[in-house]
Amino acid sequence: MIAAVKGEVLVRRPDHVVIDAGGVGYRLTVSSETLKSVPATGREAFLHAELVSRDDSLALYGFASEEERELFGQLVSVSGVGPKVAVAALSGGPTRELLRAIAAGDAKRFQAVPGIGKRTAERIIVELREKVAGALEVEVATGAEGVGERAQARDGLVNLGYAPLEAEQLLDGLDGEDARELIATALRKAGTGKAA
């Protein structure tokens with residue numbers, strides 16, 4: 001089984017990379033989060049990997065961290081979540097943030113992912129909440145309020161007419177502990193983006 005790939009980046013695309021490891025080019029499907037850590041073509045990269053075997057194909061998936069690879073494995077264990085949908089979910093934000101969303105029961109965070117409906121999002125929460133809660137116990141105890149405020153801010157933006165995915169994108173990278181403050185900052189960000 002291929003557990004990791006290290007070598008020169010030959011190809012760097014929005015959904016995959018090709019890495020030359022020992023004269024063999026490995027094509028790895030990656031999330032947008034992992035892609036951020038892959039250097040430019042010609043530079044050396046290291047990715048954790050997961051080989052997924054289907055009746056008609058073999059597919060290799062690459063991850064910037066072991067934590068992201070583990071979350072991928074947990075997501076594909078949920079009924080109705082295949083590897084492509086799991087990668088789309090991982091593209092929704094940093095791994096730690098996604099784990100906190102699961103632990104906090106934030107199903108709406110996953111409904112924003114293409115290919116995940118309400119039932120599947122709820123199934124992800126139900127099946128994975130206990131698994132990730134142990135690892136995040138300390139973080140959830142100290143940071144669940146922030147996750148709740150972010151979820152409220154996202155819901156507020158959706159109520160103002162933004163699509164769930166747009167709302168998530170507006171909230172990306174914003175700091176704040178109050179939902180109103182997050183919404184105000186996101187709206188300023190949206191205004192600046194439209195003006196540019």
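Of everything in region 13-26 that's farther than 18 Å from residue 90 by Cα and part of a strand (DSSP E or B), which residue is farthest from the chain's Cα centre (by Cα)?
Here is the first cut: in region 13-26, the residues farther than 18 Å from residue 90 by Cα are 18-26.
Checking which are part of a strand (DSSP E or B) leaves us with 18-21, 24-26.
On the way: 18: 21, 19: 22, 20: 25, 21: 26, 24: 28, 25: 25, 26: 22 Å.
So the residue we want is 24.
Which count do you get for residues in region 84-93 that are at negative phi and modelled with pLDDT under 90?
Just the residues of region 84-93 that are at negative phi, to begin with: 84-92.
With the extra rule that they be modelled with pLDDT under 90, the set shrinks to 92.
Adding up the residues that qualify gives 1.
One line per residue, one yes/no per condition, for (1) more than 16 Å from residue 86 (Cβ to Cβ); (2) of a type in the set (A, V, I, L, M):
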| position | (1), (2) |
| --- | --- |
| 9 | yes, yes |
| 13 | yes, no |
| 24 | yes, yes |
| 33 | no, no |
| 40 | yes, yes |
| 45 | yes, yes |
| 49 | no, yes |
| 56 | yes, no |
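Just to be sure, is residue 80 assigned to a helix (DSSP H, G or I) and surrounded by fewer than 18 Cβ atoms within 10 Å (Cβ to Cβ)? Please lay out each step first, then the result.
Numbers: assigned to a helix (DSSP H, G or I): no; surrounded by fewer than 18 Cβ atoms within 10 Å (Cβ to Cβ): yes.
In short, no.
Give me a count of the residues in region 136-187 that are modelled with pLDDT of 75 or more and among the acidic types (Asp, Glu).
Going through region 136-187 one residue at a time, the tally reaches 8.
Residue 115 versus (1) in a helix (DSSP H, G or I); (2) modelled with pLDDT of 85 or more: which is the lone unmet condition?
For residue 115, the failing item is (1).
Please tell me if residue 62 is modelled with pLDDT of 90 or more and not charged (D, E, K, R). Let's see the steps before the verdict.
Details: modelled with pLDDT of 90 or more: yes; not charged (D, E, K, R): yes.
Answer is yes for this residue.
Given the options 81, 17, name the one that is within 30 Å of residue 157 (Cα to Cα) and hydrophobic (A, V, I, L, M, F, W, C). Please lay out each step first, then the result.
Details: 17 fails: within 30 Å of residue 157 (Cα to Cα).
Checking each option against the conditions leaves just 81.
Okay, residues lined up against (1) among the aliphatic types (A, V, I, L, M); (2) more than 19 Å from residue 118 (Cα to Cα); (3) touching a residue at least 24 places away in the same chain (Cβ under 8 Å); (4) in contact with a Leu (Cβ under 8 Å, 6 or more places away or on another chain):
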residue	(1), (2), (3), (4)
66	no, yes, no, no
69	no, yes, no, no
75	yes, no, yes, yes
78	yes, no, yes, yes
84	no, no, yes, no
92	no, no, yes, yes
105	no, no, yes, no
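Could you please let me know if residue 167 is out of contact with any Ser or Thr (no Cβ under 7 Å at 6 or more places or on another chain) and either assigned to a loop (DSSP other than H, G, I, E, B) or touching a residue at least 40 places away in the same chain (Cβ under 8 Å) (or both)? Working first, answer last.
Working: out of contact with any Ser or Thr (no Cβ under 7 Å at 6 or more places or on another chain): yes; either assigned to a loop (DSSP other than H, G, I, E, B) or touching a residue at least 40 places away in the same chain (Cβ under 8 Å) (or both): yes.
It is true that residue 167 is out of contact with any Ser or Thr (no Cβ under 7 Å at 6 or more places or on another chain) and either assigned to a loop (DSSP other than H, G, I, E, B) or touching a residue at least 40 places away in the same chain (Cβ under 8 Å) (or both).
Counting only residues that are buried (at least 16 other Cβ atoms within 10 Å of the Cβ) and assigned to a strand (DSSP E or B), how many does region 28-45 have? First the steps, then the outcome.
Restricting attention to region 28-45, the residues satisfying the condition of being buried (at least 16 other Cβ atoms within 10 Å of the Cβ) are 28-31, 33-35, 38, 45.
Those still in the list that are assigned to a strand (DSSP E or B) too: 28-29, 45.
Number of matching residues: 3.
Assess whether residue 108 counts as being basic (Lys, Arg) and either modelled with pLDDT of 95 or more or on the phi > 0 side of the Ramachandran plot (or both).
Numbers: basic (Lys, Arg): yes; either modelled with pLDDT of 95 or more or on the phi > 0 side of the Ramachandran plot (or both): no.
It is false that residue 108 is basic (Lys, Arg) and either modelled with pLDDT of 95 or more or on the phi > 0 side of the Ramachandran plot (or both).
The values are calculated or read from the model by the stated rules, or taken from the named source; none is laboratory data. None of the values given here were measured: they were computed from a predicted structure. Cβ atoms come from the backbone with ideal geometry, glycine included; neighbour counts cover every protein chain shown.
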